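This report concerns only the one structure given below.
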């Protein structure tokens, strides 16, 4: 990839080398376990350089290498490592830098499976976790211990959408000798460049926006340095983690349209967020791109856009009214993922997943993903839904 290309161009061509595949534009699907070598010397070289070459299917194929190169280019990092899911990528990144007796600082608004990895998995291996206020900023230095090895961020949080002061936290963490890991899935690497803000390792659930079509399970871990990449790649080998070549192919194909898709998610998400703000049924909209959102100033400083994922707090309603609204929606499906072409809406309860900063916001909490549908159709669907919310009558 030639330097100096604009981001919209780079995302179309990064990781692509048609001349390596007889002119085919897309890197083919390499389904491989066994890789054969022509000579003993070549096999010996493969063993010695197995992190960097096609050595055995579990260590990677041209399909995964092309995706890893492209995502590293997208986020501005050194190199990426694929994993079979977003959660696998989170766990891999943590286990690469933590051992028994170490201390982890985990943001209190983290994706619940990430939280469970700390409370129910790493704990059994002797890793202590302290959950911290997502808005702590430079104050995180007060929580650093001599054995703190990792500070983990998620910005914005995927349920309550607080925006973290990444540079301030990174500076304090580095002074204490800790690695800084960021879950960057919300921005897809398109709207936030983590390494420019001091992050060491960026994690994404490529299941979401990178793949973009609700049909892939995939994670990616990208590092700022070669040293950290080699550490994570080695641990991925120890854990036997590898992503399927078909999934890598689909993610790479999705990546080519990420720029235009994220622009649509951004625009539709803001259109819906502003519509919700005008509704009497709504108490509060959780969307950092709105000027009155508490995290807007930091979002505006660090991000270049917003994804389609945001939250809404309704006024108090009977549960049966909420279910009448959700059950009758035509375009907003109910599902636990996000980042695909389809719009989604689910009822959430952030309170049980908090231990440091109590979530006591009264009302009904909803998480919304704005998909690729026409915004007017989505608004029509919501208007009918609010009629059911107010009446309790099902359609």
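The values are calculated or read from the model by the stated rules, or taken from the named source; none is laboratory data. Every value quoted in this text rests on a predicted model; they were computed, and no experiment measured them. Heads up, the Cβs are rebuilt from the backbone with ideal geometry, glycines too, and the neighbour counts pull from every protein chain shown.
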Got a sec? Which of 253, 230 is within 27 Å of residue 269 (Cα to Cα) and outside any loop (DSSP other than H, G, I, E, B)?
253
If residue 87 passes every condition in (1) crowded, with 24+ Cβ neighbours inside 10 Å; (2) in a helix (DSSP H, G or I) but one, which one does it miss?
(1)
All positions within segment 334-376 that are within 20 Å of the chain's Cα centre (by Cα) and either in the same structural domain as residue 217 (by TED's automatic domain parsing) or assigned to a strand (DSSP E or B) (or both):
344, 345, 346, 348, 366, 367, 368, 369
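Can you tell me which of 58, 79, 50 is buried (at least 16 other Cβ atoms within 10 Å of the Cβ), modelled with pLDDT under 95 and in contact with a helix residue (DSSP H, G or I) (Cβ under 8 Å, 6 or more places away or on another chain)? Quick ask: steps written out before the conclusion?
On the way: 58 fails: buried (at least 16 other Cβ atoms within 10 Å of the Cβ); 79 fails: modelled with pLDDT under 95.
On inspection, the qualifying residue turns out to be 50.
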Among the residues of segment 90-137 satisfying the criterion of being assigned to a strand (DSSP E or B) and touching a helix residue (DSSP H, G or I) at 6+ places or on another chain (Cβ under 7 Å), which is surrounded by the fewest Cβ atoms within 10 Å (Cβ to Cβ)?
129
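For every residue, the table says whether it meets (1) closer than 18 Å to residue 150 by Cα; (2) modelled with pLDDT of 95 or more; (3) surrounded by fewer than 20 Cβ atoms within 10 Å (Cβ to Cβ); (4) touching a helix residue (DSSP H, G or I) at 6+ places or on another chain (Cβ under 8 Å).
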residue: 190; (1), (2), (3), (4): no, yes, no, yes
residue: 230; (1), (2), (3), (4): yes, yes, yes, no
residue: 255; (1), (2), (3), (4): no, yes, no, yes
residue: 270; (1), (2), (3), (4): no, yes, yes, no
Going by the conditions given, is residue 10 on the phi < 0 side of the Ramachandran plot, within 32 Å of the chain's Cα centre (by Cα) and either modelled with pLDDT of 80 or more or surrounded by 10 or more Cβ atoms within 10 Å (Cβ to Cβ) (or both)?
yes
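Considering only segment 344-360, how many residues are free of Cβ contacts under 8 Å to residues at least 40 places away in the same chain and surrounded by 15 or more Cβ atoms within 10 Å (Cβ to Cβ)?
Here is the first cut: in segment 344-360, the ones free of Cβ contacts under 8 Å to residues at least 40 places away in the same chain are 344-347, 349, 351-352, 358, 360.
From what is left, the residues that are surrounded by 15 or more Cβ atoms within 10 Å (Cβ to Cβ) are 344-347.
So the answer is 4.
For residue 151, are the conditions met, namely being within 18 Å of residue 80 (Cβ to Cβ) and either crowded, with 24+ Cβ neighbours inside 10 Å or assigned by TED's automatic domain parsing to the domain that holds residue 343 (or both)? Walk me through how you get there before you give the answer.
Values: within 18 Å of residue 80 (Cβ to Cβ): no; either crowded, with 24+ Cβ neighbours inside 10 Å or assigned by TED's automatic domain parsing to the domain that holds residue 343 (or both): yes.
It is false that residue 151 is within 18 Å of residue 80 (Cβ to Cβ) and either crowded, with 24+ Cβ neighbours inside 10 Å or assigned by TED's automatic domain parsing to the domain that holds residue 343 (or both).
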